[in-house]
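Take a look at the structure set out below.
The values are calculated or read from the model by the stated rules, or taken from the named source; none is laboratory data. Note that the structure is a prediction, hence the values are computed from the model and not measured. So basically every Cβ, Gly included, is an ideal-geometry build from the backbone, and we count neighbours across all protein chains shown. Surface accessibility is based on the protein's heavy atoms, side chains included, excluding ligands, DNA and RNA. Shrake-Rupley method; radii C 1.70, N 1.55, O 1.52, S 1.80 Å.
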Amino acid sequence: MEGWVRALMILGFIFPLLVEGRVRHYNFNVVLKKASRLCSTKPIVTVNGQFPGPTLYAREGDTVLVRVVNHVKYNVSIHWHGIRQLRTGWADGPAYITQCPIQPGKNYVYNFTITGQRGTLFWHAHILWLRATVHGAIVILPKLGVPYPFPKPDVEQVVILGEWWKSDTEAVINEALKSGLAPNISDAHTINGHPGPISGCQTQGGFQVSVENGKSYMLRIINAALNEELFFKIAGHKLTVVEVDATYVKPFQIDTIVIAPGQTTNVIVTASKSSGKFMMAASPFMDSPIAVDNKTAVATLLYTGTLSTTSTTLAIPPPQNATATANNFVDSLRSLNSKKYPAKVPLKIDHSLYFTVGLGINPCPTCKAGNGSRVVASINNVTFVMPTTALLQAHYFNKKGVFTTDFPSKPPVSFNYTGAPPANLATSSGTKLYRLKYNSTVELVLQDTGIIAAENHPVHLHGFNFFAVGKGLGNYNPKVDPNKFNLVDPVERNTIGVPSGGWVAIRFRADNPGVWFMHCHLEIHTTWGLKMAFLVDNGKGPNESLLPPPKDLPKC
């Protein structure tokens with residue numbers, strides 16, 4: 001090596017640029033912070049006093065260490081949503097699934113390597129309803145010297161969509177659980193933490209993106225809302241979609257995207273106007289008769305040099321029940337499926353699973369508001385009971401009595417799932433897992449049910465990406481529907497919307513040993529029990545086996 005290069009490396013000038021697989025250190029202090037929105041102030045739980053929280057930057061191949069210190073009164077855990085966590089289930093983060101939570105005054109170092117992933121993901125609290133304010137972006141850049149498979153944008157900007165309650169979110173869910181009824185809906189939607197002007201509180205400033213004519217801007221859009229799928233659009237501008245859930249897609253242009261809680265979408269916007277102010281709008285999508293927060297969050301795309309007196313060009317949000325607009329986006333998504341980024345869709349299937357997802361009603365003598373009953377949610381009629389010992393620890397240390405592995409592969413009772421509900425709306429309950437051999441392949445059909453109401457469920461699978469090979473309305477027909485599956489270039493995701501009154505089919509390979517949570521990313525449905533977990537056995541040898549737990553793993 002040239003002497004001057006060695007000298008510069010010793011000084012640290014070039015070293016970070018040359019080395020692949022850097023170790024990146026982050027400190028996350030979970031603290032209370034006062035925040036003012038909607039002309040009122042309340043304390044919120046934050047990371048490092050920021051809302052939304054800090055963006056975590058890394059490159060594909062990097063190892064990330066995040067030291068989380070809990071300074072609040074609640075138990076805390078952080079999930080790195082969409083990170084594969086190959087053999088590092090201990091760092092996945094859902095409380096009582098892969099770890100016991102970090103207790104007040106304690107800390108834990110999440111340690112994971114980003115393997116074969118690049119794009120936008122996000123991190124969020126995975127306990128109670130703390131996700132409302134404890135969340136932030138994960139930006140994974142390609143390896144050094146590896147370009148994007150689309151023209152490099154001039155500027156990149158994180159855009160996090162969320163929800164805001166004037167009251168304390170923990171009080172909101174606790175009241176709902178006590179009553180047995182649905183929780184109060186949020187008071188506003190937010191874009192990067194700000195609702196924008198809202199009637200009754202016009203002083204509320206909104207988020208602003210400054211742009212220059214002729215430049216291109218990649219917006220890394222994340223839906224961190226608790227309970228609402230959202231439309232997103234920008235007045236007077238087309239969005240070129242290039243990635244979802246940190247996987248590249250065949251680029252396409254569209255006016256409006258739909259993004260469910262837990263999903264991410266990268267779009268490129270070209271600043272094609274000479275000047276002006278243009279509204280960015282995030283508004284709810286709900287095509288069932290269920291109450292949602294109907295407020296539109298507003299931000300501004302501002303061209304440099306525009307006069308402050310210039311009026312804003314308004315965006316007209318789609319109707320709340322615009323299913324066709326949502327489908328237009330979802331049905332346009334295709335994996336890039338290039339030589340460099342192939343779509344490795346499993347073609348031979350070892351496990352064909354059929355899971356119903358939906359609501360139910362169980363007795364609750366103390367639920368006065370619910371007339372002695374409460375709303376619950378279930379998968380295959382099993383309402384999941386959270387254990388008090390983390391499932392991964394129970395599995396690793398072979399601790400008996402924490403869970404069983406008899407989760408049903410199909411609904412225990414068949415009925416017209418999207419038609420008239422059965423006479424008995426009660427569910428069974430238990431901590432049941434479904435066991436998979438290492439490297440086995442899974443086809444899972446997720447079927448919505450019409451019990452109480454048909455509804456779009458964004459289902460998130462931890463530890464894996466999967467391919468969305470098919471979807472349809474009504475009940476899935478195993479004789480006819482597989483003939484229409486896309487096994488060539490289906491979109492690859494970690495969170496998928498089960499259509500209201502319909503079904504979606506996904507495929508994945510169980511190449512990650514450990515215990516992996518699967519749940520509806522509408523926080524109320526998770527709270528009500530719409531969740532389960534897969535137990536993936538070790539394969540052969542150390543490279544196919546779960547790593548031992550870290551020494552600082554929190555105790556229950």
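Here is how the numbers come out for the structure above:
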{"quantity": "Output for the stretch 64-107, where each listed residue is among the hydroxyl-bearing types (Ser, Thr, Tyr) and within 24 Å of Leu546 (Cα to Cα)", "calculated": "Ser77, Thr88, Tyr96, Thr98"}
{"quantity": "Complete set of residues in the stretch 144-162 that are of a type outside the set (S, T, N, Q), touching a strand residue (DSSP E or B) at 6+ places or on another chain (Cβ under 6 Å) and under 25 Å from Pro54 (Cβ atoms)", "calculated": "Pro153, Asp154, Val155, Glu156, Val158, Val159, Ile160, Leu161, Gly162"}
{"quantity": "Strands (runs of 3 or more DSSP E) contained in the stretch 250-330 and holding at least 3 residues open to solvent by less than 60 Å² (accessible area, probe 1.4 Å), under 27 Å from Ala182 (Cα atoms) and out of contact with any helix residue (DSSP H, G or I) (no Cβ under 6 Å at 6 or more places or on another chain)", "calculated": "277-285"}
{"quantity": "Some residue of the stretch 401-410 being in contact with a Gly (Cβ under 8 Å, 6 or more places away or on another chain), within 20 Å of Leu433 (Cα to Cα) and touching a residue at least 12 places away in the same chain (Cβ under 8 Å)", "calculated": "yes"}
{"quantity": "Lone qualifier among Thr427, Thr404, Thr388 - being loosely packed, with under 13 Cβ neighbours inside 10 Å and in contact with a strand residue (DSSP E or B) (Cβ under 6 Å, 6 or more places away or on another chain)", "calculated": "Thr404"}
{"quantity": "Residue check for Leu144: at pLDDT 95 or above and over 30 Å from Ser373 (Cα atoms)", "calculated": "yes"}
{"quantity": "Pairs with Cβ under 8 Å, 6+ apart, first in the stretch 246-260 and over 26 Å from Gly463 (Cβ atoms) and in contact (Cβ under 8 Å) with a residue 40 or more places away in the chain, second open to solvent by 20 Å² or more (accessible area, probe 1.4 Å) and of a type in the set (Phe, Trp, Tyr)", "calculated": "Pro251/Phe150"}
{"quantity": "Residue selected from the stretch 344-381 under the condition open to solvent by less than 20 Å² (accessible area, probe 1.4 Å) and among the aliphatic types (A, V, I, L, M), by the criterion nearest to Gly474 (Cα to Cα)", "calculated": "Val357"}
{"quantity": "Condition broken by Ser210, with the remaining ones in (1) within 29 Å of Arg493 (Cα to Cα); (2) assigned to a strand (DSSP E or B); (3) in contact (Cβ under 8 Å) with a residue 60 or more places away in the chain satisfied", "calculated": "(1)"}
{"quantity": "Subset of the stretch 130-162 (residues that are open to solvent by less than 30 Å² (accessible area, probe 1.4 Å) and of a type in the set (S, T, N, Q))", "calculated": "Thr133"}
{"quantity": "Any chance Ala468 is in contact with an Asp or Glu (Cβ under 9 Å, 6 or more places away or on another chain), within 25 Å of Glu523 (Cα to Cα), modelled with pLDDT under 95 and open to solvent by less than 50 Å² (accessible area, probe 1.4 Å)", "calculated": "no"}
{"quantity": "Matching residues, the stretch 39-54, being among the aliphatic types (A, V, I, L, M) and either more than 20 Å from the chain's Cα centre (by Cα) or over 13 Å from Thr169 (Cα atoms) (or both)", "calculated": "Ile44, Val47"}
{"quantity": "Subset of the stretch 73-90 [closer than 22 Å to Ala225 by Cα, open to solvent by less than 30 Å² (accessible area, probe 1.4 Å) and either in a loop (DSSP other than H, G, I, E, B) or touching a Cys at 6+ places or on another chain (Cβ under 6 Å) (or both)]", "calculated": "Ser77, Gly82, Ile83"}
{"quantity": "Hits in the stretch 23-51 - residues which are modelled with pLDDT of 95 or more and either open to solvent by 90 Å² or more (accessible area, probe 1.4 Å) or in a loop (DSSP other than H, G, I, E, B) (or both)", "calculated": "His25, Asn27, Leu32, Lys33, Lys34, Asn48, Gly49, Phe51"}
{"quantity": "Pick from the stretch 178-201, criterion over 30 Å from Asn371 (Cα atoms) and not in a strand (DSSP E or B), ranking: most open to solvent (accessible area, probe 1.4 Å)", "calculated": "Ser199"}
{"quantity": "Subset of the stretch 533-545 (residues that are surrounded by 14 or more Cβ atoms within 10 Å (Cβ to Cβ) and more than 21 Å from Pro387 (Cα to Cα))", "calculated": "Asn538, Gly539, Glu544, Ser545"}
{"quantity": "Condition met for Ile452 (in contact with a Leu (Cβ under 9 Å, 6 or more places away or on another chain), in contact (Cβ under 8 Å) with a residue 60 or more places away in the chain and on the phi > 0 side of the Ramachandran plot)", "calculated": "yes"}
{"quantity": "Long-range neighbours under 6 Å by Cβ, at least six apart or interchain, first residue under 18 Å from His25 (Cβ atoms) and in contact (Cβ under 8 Å) with a residue 60 or more places away in the chain within the stretch 135-156, second of a type in the set (D, E, K, R) and open to solvent by less than 10 Å² (accessible area, probe 1.4 Å)", "calculated": "none"}
{"quantity": "Residue in the stretch 104-127 that is open to solvent by 10 Å² or more (accessible area, probe 1.4 Å), charged (D, E, K, R), touching a Ser or Thr at 6+ places or on another chain (Cβ under 7 Å) and touching a residue at least 60 places away in the same chain (Cβ under 8 Å) present", "calculated": "no"}
